[in-house]
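Below you'll find the structure, written out as structure tokens, and then a few comments.
The values are calculated or read from the model by the stated rules, or taken from the named source; none is laboratory data. Small disclaimer: the values here were computed from a predicted structure and weren't measured. Counting neighbours? That spans all protein chains shown, and the Cβs are built from the backbone with ideal geometry, glycine included. Heavy atoms of the whole protein, side chains included, go into the accessibility calculation; ligands, DNA and RNA do not. Shrake-Rupley method; radii C 1.70, N 1.55, O 1.52, S 1.80 Å.
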Amino acid sequence: MSSVIPAEEAVLSETEFAKKPICILVLGMAGSGKSTLVQRLTAHLDTASTPPYVINLDPAVHEVAYPANIDIRDTVNYKEVMKQYSLGPNGAIVTSLNLFATKFDQVMQFIDKRTSEFKYVILDTPGQIEVFTWSASGQIITEALASVFPTVVVYVMDTARSVNPVTFMSNMLYACSIMYKYKLPFIVAMNKTDIVDNQFAVDWMTDFEAFQEAVEQEKSYSANLTRSMSLVLDDFYSSLKSIGVSAVTGANINEFFQLIDEAGMEYIRDYRPEYDRLKEEKAKGESNAREVELERMKKEMLGGLGFLLICVYT
């Protein structure tokens, strides 16, 4: 049987998929202003009478400054996890996320039931970025979302702390590693432009000589490493979408959502076929495994029947 989808069905499928809400996965270093940005995005959409579906994935946060539809703290008690498993703060966050990830299929059902009510689903991640980006639970959550909804990764960069070229390069290397790890549409939100304008960062990404001049002023060993690494990131910069925003003043939030919408269409056009292929391969693998198991059971049943017949006739 052919698995090719007729053109009319393919177009309809893509049109229907475009109606689904865009999942915005907000990542960033501690202190970059992730949660403040999530608060600003939520307030902006509320004001526009298009409230988002918001999920807090930080089990260790004391308070969230935005209304969360789903809060990991309602499911997992971070302090109890520390006590029960004798863990430190970061270990407890990882374990809490792992426990939450085992129930994430229920979260997907909650989102799916209300897809017609929201245009965006915003997920706020833990302050310790590595806890989410390099953990199994982070991978599970991201792949679960991206297999069903258009998903965009937003990396929040602290512009004020990135005026040093070495620090800027560290941020860009981390952003690069995340983008290639998740293989999803990726946007760098240069936050805190109310303190420092992000034009210097744009210049460094688009003008190699300008960045080299800035690095020349640094005399440390890390500056030498930064100088050599800057050549490697040229290809990364060419495909990178970035925008300067302020979570405090709300500057460029409209432009930010325009980028999100473009990234959502990019997901449907370029990334969804790959996720569909992976889902099809997984389904085939599960089907083959079921057939193997069924064949094994048949052999065992036939073997048992033969033994009974031998017993009867002897």
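What are the residues whose amide H is under 5 Å from the amide H of Tyr120, where those residues sit 5 or more places off or on another chain and H is modelled from the backbone?
Residues meeting the criterion, in which the H sits 1.01 Å from N, are Ile22, Tyr53.
Which of the aspartates and glutamates could a cross-linker bridge to Lys181, judged by Cα under 13 Å and excluding same-chain residues fewer than eight apart?
By straight Cα distance, Lys181 reaches Glu130, Glu143.
Before I look further, what does the chain give for accessible area per residue, probe 1.4 Å, in whole square angstrom?
In whole numbers, the chain has 53 Å² accessible per residue.
Which residue, Ile195, Val61, Ser246, has the largest displacement toward the positive end of the dipole of the chain when charges sit on each Cβ (Lys, Arg +1; Asp, Glu -1)?
Val61
How are the alpha carbon pair distances in the stretch 52-127 distributed across 5 Å bins from zero to the largest one, expressed in percent?
Using 5 Å bins, I get a P(r) of 3, 15, 27, 23, 16, 9, 4, 2, 0 for the stretch 52-127.
Keeping every protein chain in place, order Met205, Met172 by accessible area at 1.4 Å, biggest value first, i.e. largest first.
Largest accessible area first, the residues go Met205, Met172.
Tell me which of Gln139, Tyr275, Ser32 sits at the most positive position along the dipole axis of the chain, charges placed on C-beta atoms (Lys, Arg +1; Asp, Glu -1).
The residue sitting farthest along the positive end of the dipole is Gln139.
Can you tell me how much longer the chain between Ser170 and Gln212 gets when fully stretched, taken as 0.36 nm per residue apart minus their C-alpha distance, in nm with one decimal?
Taking Ser170 through Gln212 to full extension adds about 13.6 nm, to one decimal.
What size of dipole, in debye to the nearest 20, comes out for the chain about its Cα centre when the only charges are +1 on Lys and Arg C-beta atoms and -1 on Asp and Glu C-beta atoms?
1000 debye
What dipole magnitude, in Debye to the nearest 20, does the stretch 86-140 give about its Cα centre under +1 on Lys/Arg Cβ and -1 on Asp/Glu Cβ?
So the dipole magnitude of the stretch 86-140 works out to roughly 120 debye.
Taking every pair of alpha-carbon atoms in the chain, what share in percent sits in each 10 Å bin, from 0 to the bin with the longest distance?
Answer for the chain: a P(r) of 5, 22, 28, 21, 12, 5, 3, 2, 1, 0 percent.
Sort out for me the Cα centre separation of the stretch 175-210 from the stretch 69-116, rounded to whole Å.
First find each Cα centre; the distance between them is then 30 Å.
As a quick test, which of the pairs Lys103/Lys279; Lys20/Lys79; Lys83/Lys119; Lys20/Lys282; Lys119/Lys192 have an alpha carbon distance above 31 angstrom in this structure?
Lys20/Lys79; Lys83/Lys119
Once you list every other residue whose beta carbon is under 10 Å from the beta carbon of Lys241, what net charge do they have if Lys and Arg are +1 and Asp and Glu are -1?
Spelling it out: positives minus negatives among the neighbours equals -2.
When only C-alpha pairs under 8 Å and at least 6 residues apart count, what is the relative contact order of the stretch 18-110, in percent?
For the stretch 18-110, the relative contact order is 19 percent.
Go through 43-52, 283-292 and give me the packing order, highest mean Cβ count within 10 Å leading.
Going from most to least packed, we get 43-52, 283-292.
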